[in-house]
Amino acid sequence: MGWHEFSLPLEVGIFIADVPEGSTSASMLLRAGFSRRRILLSWLAVTLLAGLAAVLGHLTIGAHFSPLLVVAEAFAGGAVLALVAQTLIPEAVDEVGPLAALPLILGFLVSVGLIIGGSEGMVPASGRAQSKRVQQR
């Protein structure tokens, strides 16, 4: 995978989203009685499994642009949106009040801005080449 296929805006957006998500989850687990050690080991296991899944996905699917990959990514994105809408938003509003929606809106706008600003990095090089061939026809 070359640098031209790396999406810095996507990585920045993921990092920005993961910091409050991780700290919120950790504080909820602490309140539920989990030890700091168990929380840290759980997050370590999740990180290692996600890294392994990414490597396996790259080895099996690779960076090939295909309709199946697009559908899989859309499905995963929809699942995340469903989680946020069903669980996280109501919980935040219950604990903080309606102002909890402001960081949600700001985070969404920043993420969309990063995606739009770096949209070239969002499509693998093979997909861009395929898209250009279609446009030329």
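The values are calculated or read from the model by the stated rules, or taken from the named source; none is laboratory data. What you are looking at is a predicted structure, and each value in this text was computed from that prediction instead of being measured. Cβ sites come from the backbone with ideal geometry, for glycine too, and all protein chains shown count toward neighbours.
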Can you name every residue in the stretch 91-100 that is part of a helix (DSSP H, G or I) and either surrounded by fewer than 12 Cβ atoms within 10 Å (Cβ to Cβ) or touching a Pro at 6+ places or on another chain (Cβ under 8 Å) (or both)?
Asp94, Glu95, Pro98, Leu99
Only one of (1) modelled with pLDDT under 80; (2) farther than 17 Å from Ala92 by Cα; (3) part of a helix (DSSP H, G or I) fails for Met1. Which number is that?
(3)
Among Leu30, Leu44, which is of a type in the set (A, V, I, L, M, F, W, C), surrounded by 11 or more Cβ atoms within 10 Å (Cβ to Cβ), at pLDDT 90 or above and more than 21 Å from Gly77 (Cβ to Cβ)?
Leu30
Looking at Val70, is it surrounded by 10 or more Cβ atoms within 10 Å (Cβ to Cβ) and under 16 Å from the mean Cα position of the chain (by Cα)?
yes
Whether any residue in the stretch 51-61 is aliphatic (A, V, I, L, M), surrounded by fewer than 10 Cβ atoms within 10 Å (Cβ to Cβ) and modelled with pLDDT under 80 is what I want to check.
no
Does at least one position in the stretch 65-77 carry a residue that is more than 21 Å from Ile115 (Cβ to Cβ), in contact with a helix residue (DSSP H, G or I) (Cβ under 6 Å, 6 or more places away or on another chain) and of a type outside the set (S, T, N, Q)?
no
Filter the stretch 73-83 down to the residues that are within 12 Å of the chain's Cα centre (by Cα), closer than 15 Å to Phe108 by Cα and either hydrophobic (A, V, I, L, M, F, W, C) or at pLDDT below 80 (or both) and list them by number.
Val80, Leu81
